[in-house]
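The values are calculated or read from the model by the stated rules, or taken from the named source; none is laboratory data. Given the structure is predicted, the values throughout are model-derived calculations rather than measurements. Quick reminder, even Gly has a Cβ in these numbers, built from the backbone with ideal geometry, and neighbours come from all protein chains shown.
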Ligand SMILES: Cc1cc2nc3c(=O)[nH]c(=O)nc-3n(C[C@H](O)[C@H](O)[C@H](O)COP(=O)(O)O)c2cc1C
């Protein structure tokens, strides 16, 4: 099986959010698709090990914040490389309440759903949600998964359904050195050739300091 074929599938980049006993939480997800328009129904696939999975099971509700190309890429890192089990992710990200659920304020649109069914796979739960509210928040092009990989140069962690084990960072800086974020896989690919990253360099995706970058 050539898993590169899977890379030809198209996705967006979203934050799936819900409540955890009154505390807002959620995770980055690329797996969301509209199943039917009447009644409007959306499916998402969330890993069993993600804290968000348990919270959606408990509340029976989830929101999808659709990130745009101008949304802060740091949101993807906060929600995609930390767990709500031990992080208050929404403390680091401005939110608004829509349809009684927390939504990322910097998203270009949102959809709020009631869970109406679910299907278990060996690793992920597919939640089927009936849409109870949706709206556009600001004019922007929705971020595609391809944009996340090619322009933001982000990587997908193990719990993403699209994770490919052999996925390796491969871009090079102009100087020929590669600086790869050890947390999210972001590759520094600057225009200026220099040997070292500046001391105050912060990963634009997951906001980690220079110290987590590995020169290759
Ligand atoms: C670009 C990207 C896409 C992701 N897509 C999914 C997804 O569709 N489903 C999923 O379960 N996890 C996905 N993840 C991984 C979760 O966001 C990640 O495991 C997160 O830390 C889980 O947080 P939680 O424990 O608070 O739920 C993705 C991560 C990234 C960065």
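Which residue is modelled with the lowest pLDDT, if the candidates are limited to the range 169-198 and must be within 16 Å of the ligand (Cβ to nearest atom) and not in a strand (DSSP E or B)?
Within the range 169-198, the match that is modelled with the lowest pLDDT is 169.
Where the second residue is at pLDDT below 95 and part of a helix (DSSP H, G or I) and the first is outside the structural domain of residue 106 (by TED's automatic domain parsing) and surrounded by 17 or more Cβ atoms within 10 Å (Cβ to Cβ) and lies in the range 132-151, which pairs have Cβ atoms under 6 Å and are six or more apart or on separate chains?
From residues that are outside the structural domain of residue 106 (by TED's automatic domain parsing) and surrounded by 17 or more Cβ atoms within 10 Å (Cβ to Cβ), there are no pairs.
Only residues that are within 15 Å of residue 147 (Cβ to Cβ) and within 13 Å of the ligand (Cβ to nearest atom): list them for the range 67-79, please.
Matches in the range 67-79: 67, 71, 73, 75, 76.
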